[in-house]
Amino acid sequence: MTKFLPVFLLLFFLRGMCAASPDTAAAGCQRCIVLAEQAEHRIAIADVDSGKIIWEWKPALCGVLPEHVKWFNNPSEAKAVHKGKYILMTASGGGVALIRIADKKTVFYGYAGGNTHSAAILPDGNIVSASSTGNYLMLFKTDTTGYNANAYTKKIPVAFGHNVVWDAAHKRLWTAAMDSMIVYRYNYDRAAPDLLRDTSMLLPGTEAHDLYPEYGTNSLWLTNTTHVYRFDVNTRQLSPAPVIQENIKSVSSGPAQPRASALGYPVIVCKPKVSWWTDEVLDAQGKRVFIQAGLKIYKARWVLPDPFSELAR
């Protein structure tokens with residue numbers, strides 16, 4: 001046992017490195033984007049104004065057990081949650097994690113599998129994810145202990161699961177599944193979360209991909225292989241979005257008036273240059289907002305509170 005002690009201590013040290021050094025750079029950033037970055041299998045926060053990455057989360061250094069690190073290969077989504085203080089991420093390797101920005105602590109993580117592409121926080125703190133090749137949503141009972149092998153989970157079949165968004169005002173979960181928009185009600189059972197199918201409607205095109213709130217409105221950005229739309233959750237009507245259209249992996253927007261910078265928060269998109277990734281983030285007209293050679297960015301979001309999914313309290 002003694003000969004394994006140095007290895008154990010090293011792993012313990014590495015797992016605690018993130019929490020050991022609070023990060024102030026991200027906290028002070030006025031215009032930051034969070035990236036699902038696959039070149040280094042990490043989540044990164046970039047300062048748009050400086051053009052630099054100022055924060056990163058890597059599972060091996062931030063509380064994920066060594067045998068679970070592969071779950072976080074090829075990050076597929078990262079979004080700011082809990083008033084912009086945490087990051088919720090997924091990876092094609094099957095992992096789902098909730099990360100505190102201030103100290104990079106992995107507050108919760110679990111395994112969904114099936115090429116996980118998106119996740120959302122439910123009102124009681126539980127998590128739901130979407131898996132594309134698995135064709136399902138996965139519900140997780142969460143806690144703050146990191147990983148719990150015996151945590152409650154439940155699968156909900158859904159075609160081509162690429163996205164999930166909680167609608168706080170209507171108390172509904174939205175997912176665009178292949179060629180249909182499906183709406184679910186939540187059972188609000190903290191111990192045994194479940195979703196009850198409410199309604200569904202056909203969508204134009206196929207392979208619905210990104211679904212994300214348009215900041216400050218009652219609409220969702222919706223992308224598929226050929227188009228980008230706005231979907232009004234009140235009227236349940238689609239309209240073409242004034243955004244470059246084909247093969248858009250993610251769309252994100254911010255407040256119309258700048259919070260702290262005259263440059264504000266333009267609509268940003270990720271459009272692949274190679275396979276499914278890119279090294280740059282563009283605005284709605286295709287102009288460059290951020291670039292760093294060597295990155296493999298799959299999705300990018302503004303680091304902002306999400307009033308669509310989290311009502312002010």
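Residue 231 meets all of the listed conditions (1) on the phi > 0 side of the Ramachandran plot; (2) buried (at least 17 other Cβ atoms within 10 Å of the Cβ) but one, namely (1). For region 296-304, the criterion of being over 20 Å from the mean Cα position of the chain (by Cα), among the small types (Gly, Ala, Ser) and either at negative phi or at pLDDT 95 or above (or both) is satisfied by no residue at all.
Quick one: in region 137-176, which of the residues that are more than 17 Å from the chain's Cα centre (by Cα) and closer than 16 Å to residue 196 by Cβ is surrounded by the fewest Cβ atoms within 10 Å (Cβ to Cβ)? If we take residues in region 137-176 being more than 17 Å from the chain's Cα centre (by Cα) and closer than 16 Å to residue 196 by Cβ, then 157 is surrounded by the fewest Cβ atoms within 10 Å (Cβ to Cβ). Annotation: of all residues in region 129-174 being out of contact with any Leu (no Cβ under 6 Å at 6 or more places or on another chain) and among the basic types (Lys, Arg), the one that is nearest to residue 104 (Cα to Cα) is 141.
Remark: residue 254 matches the filter, which requires a residue to be part of a loop (DSSP other than H, G, I, E, B) and under 21 Å from the mean Cα position of the chain (by Cα).
For region 119-129, what are the residues that are part of a strand (DSSP E or B) and either among the small types (Gly, Ala, Ser) or touching a residue at least 60 places away in the same chain (Cβ under 8 Å) (or both)? Listed by number, the residues that qualify are 119, 120, 121, 128, 129. Applying the condition of being under 8 Å from the mean Cα position of the chain (by Cα) and not aliphatic (A, V, I, L, M) to region 79-94 and asking which residue is farthest from residue 117 (Cα to Cα) yields 79.
Among the residues that make up region 269-279, is at least one of them outside any loop (DSSP other than H, G, I, E, B) and among the aromatic types (Phe, Trp, Tyr)? Within region 269-279 (the criterion being outside any loop (DSSP other than H, G, I, E, B) and among the aromatic types (Phe, Trp, Tyr)), the answer is yes, since at least one residue qualifies. Scanning region 208-260 for residues that are over 20 Å from residue 118 (Cβ atoms), among the aliphatic types (A, V, I, L, M) and in contact with a strand residue (DSSP E or B) (Cβ under 8 Å, 6 or more places away or on another chain) gives a single hit, 244. Within region 94-103, the residues that satisfy the criterion of being buried (at least 21 other Cβ atoms within 10 Å of the Cβ) and either out of contact with any helix residue (DSSP H, G or I) (no Cβ under 8 Å at 6 or more places or on another chain) or without any contact (Cβ under 8 Å) to a residue 24 or more places away in the chain (or both) are 96, 98, 99. Taking into account only those residues within region 253-266 that are among the hydrophobic types (A, V, I, L, M, F, W, C) and farther than 17 Å from residue 46 by Cβ, which is modelled with the highest pLDDT? Taking the candidates together, the pick is 256. Within region 43-54, being out of contact with any Pro (no Cβ under 7 Å at 6 or more places or on another chain) and either part of a strand (DSSP E or B) or not hydrophobic (A, V, I, L, M, F, W, C) (or both) holds for 44, 45, 46, 47, 49, 50, 51, 52, 53, 54. Counting only residues that are over 23 Å from the mean Cα position of the chain (by Cα) and among the hydroxyl-bearing types (Ser, Thr, Tyr), region 228-249 holds 2 of them.
Tell me yes or no: at least one residue of region 272-293 is charged (D, E, K, R), closer than 21 Å to residue 80 by Cα, crowded, with 21+ Cβ neighbours inside 10 Å and modelled with pLDDT of 95 or more. No; the residues of region 272-293 include none that is charged (D, E, K, R), closer than 21 Å to residue 80 by Cα, crowded, with 21+ Cβ neighbours inside 10 Å and modelled with pLDDT of 95 or more.
The values are calculated or read from the model by the stated rules, or taken from the named source; none is laboratory data. None of the values given here were measured: they were computed from a predicted structure. As a convention, Cβ positions derive from the backbone with ideal geometry for all residues, glycine included, and neighbour counts pool all protein chains shown.
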